[in-house]
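Q: Let me begin by handing over the structure; questions about it come next.
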């Protein structure tokens with residue numbers, strides 16, 4: 001049986017899948033309500049923390065991820081933009097009350113579009129639609145392989161190299177090789193720089 005979009009023809013806009021991220025339940029609920037009234041937008045998932053955001057980026061195939069600058073009480077926007085941009089081709093929108101260059105480093109938002117929380121909801125909706133129409137920009141000139149993305153996902157869950165090797169049933173030396181590649185491609189020097197202090201380390 002043909003879908004509604006197939007019957008209506010190519011003029012019908014495709015649905016934009018959105019992942020909404022915020023650790024404040026009221027703000028997250030408000031964001032979801034804004035999106036829920038739009039016929040061409042669907043909230044594919046929500047996330048209230050870093051680990052959840054990473055999981056949703058990898059599992060629900062979003063077109064857009066909306067995230068705050070501060071998550072879990074820390075300024076983790078830089079890490080989130082870098083990591084999510086490597087795990088998913090989704091467009092990233094930072095929905096924030098902070099001002100680039102004043103409350104947050106301007107260079108840290110490279111690879112994401114900023115929308116102020118004080119803006120009219122129509123501006124956020126317009127930005128969501130606009131980013132999906134824009135020409136995609138690769139977050140890195142040297143993209144992660146499938147295996148490297150899997151290792152990164154497990155690193156962000158706080159697993160040690162030995163635990164990753166056991167879970168993926170590969171040699172510890174292979175895991176270490178993947179970790180080095182991930183750090184190099186994401187332009188960081190250590191796991192601490194990669195996942196930030198808000199994620200559990202072992």
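The values are calculated or read from the model by the stated rules, or taken from the named source; none is laboratory data. For clarity, every value in this text was computed on a predicted model and none was experimentally measured. Every residue, glycine among them, receives a Cβ derived from its backbone with ideal geometry; neighbour counts consider all protein chains shown.
Q: Name the residues in the stretch 18-68 that are assigned to a loop (DSSP other than H, G, I, E, B) and within 21 Å of residue 152 (Cα to Cα), would you?
A: 48, 49, 60, 61, 62, 63
Q: On the basis of being surrounded by 13 or more Cβ atoms within 10 Å (Cβ to Cβ), within 17 Å of residue 183 (Cα to Cα) and modelled with pLDDT under 75, does residue 100 make the cut?
A: Spelling it out, it is not the case that residue 100 is surrounded by 13 or more Cβ atoms within 10 Å (Cβ to Cβ), within 17 Å of residue 183 (Cα to Cα) and modelled with pLDDT under 75.
Q: Can residue 78 be described as at pLDDT 85 or above and either surrounded by fewer than 15 Cβ atoms within 10 Å (Cβ to Cβ) or out of contact with any strand residue (DSSP E or B) (no Cβ under 7 Å at 6 or more places or on another chain) (or both)?
A: No; evaluated as a whole, the condition is false for this residue.
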